[in-house]
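**Q** Input: one structure, supplied below.
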Amino acid sequence: MANYFKIAVAIDFSEQSLKALERASQVAMQHNATLQLVNVIDTKSFGAVSAYDLKYAEELKKENKSKMESLVKQVVQTGVQSVESVVETGSPKGILTQLTNVDLIVCGATGLNRMEKMMLGSVAEKVVRHAHCDVLIVR
């Protein structure tokens, strides 16, 4: 079995991502690994560049950072020793597949997108295909 030192978990605050966080926390404790919570604000969902409001993106980023801090506190209470969080803007698929110094990426099978609930989520599928480390998909 691989030894994981740093585990990233994709968080979009959906039920599936919270299940992934729970599983990632368990694995982090088993391996005494650092757990990195990663939230990506999908700026593509805002529409065309000329239409999307930077102020809205900053407000959303501030709100998500607050939610992530709350999740970090919850994870620490479960016994994970080292927890960090990151909130980025851009393409979730691109950012998650380009994470560096990560030994395992954990993500939910589906996210917030309704169409993704019918099949393996497009973000999860992209991570499985393009990540440079092990990937754990949680259902």
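All of the numbers you see were taken from the coordinates with simple rules; none came from a lab. All values derive from a computational prediction rather than experimental measurement. Here Cβ is always computed from backbone atoms with ideal geometry, including for glycine, and neighbour counts include all displayed protein chains.
**Q** Residues with amide H under 5 Å of VAL138's amide H, sequence separation 5 or more or different chain, H placed in the peptide plane at 1.01 Å from N; which?
**A** CYS107, GLY108, ALA109
**Q** Hey, another quick one. Check which residues have an amide H placed less than 5 Å from ILE41's amide H, if you skip close sequence neighbours.
**A** Distant-sequence amide H within range of ILE41: GLU88, THR89, GLY90.
**Q** Which of the residue pairs LYS19/LYS67; LYS73/LYS93; LYS67/LYS126 have a Cα-Cα distance greater than 18 Å in the structure shown?
**A** LYS73/LYS93; LYS67/LYS126
**Q** Give the long-range amide H neighbours of LEU104: residues separated by 5 or more places, or on another chain, with amide H under 5 Å away, using H modelled in the peptide plane at 1.01 Å from N.
**A** LYS6, ALA8
**Q** Quick one: if you stick a label point 7 Å off each Cα along the C-beta vector at ASN32 and LEU54, how many nm between them?
**A** Between ASN32 and LEU54, the label points sit 4.6 nm apart.
**Q** Follow-up. I need the phi-derived Karplus couplings for region 58-70: 6.51 cos²θ - 1.76 cosθ + 1.60, θ = phi - 60°, integer Hz, Gly and Pro marked x.
**A** 5, 4, 5, 5, 4, 4, 5, 4, 5, 4, 5, 4, 5
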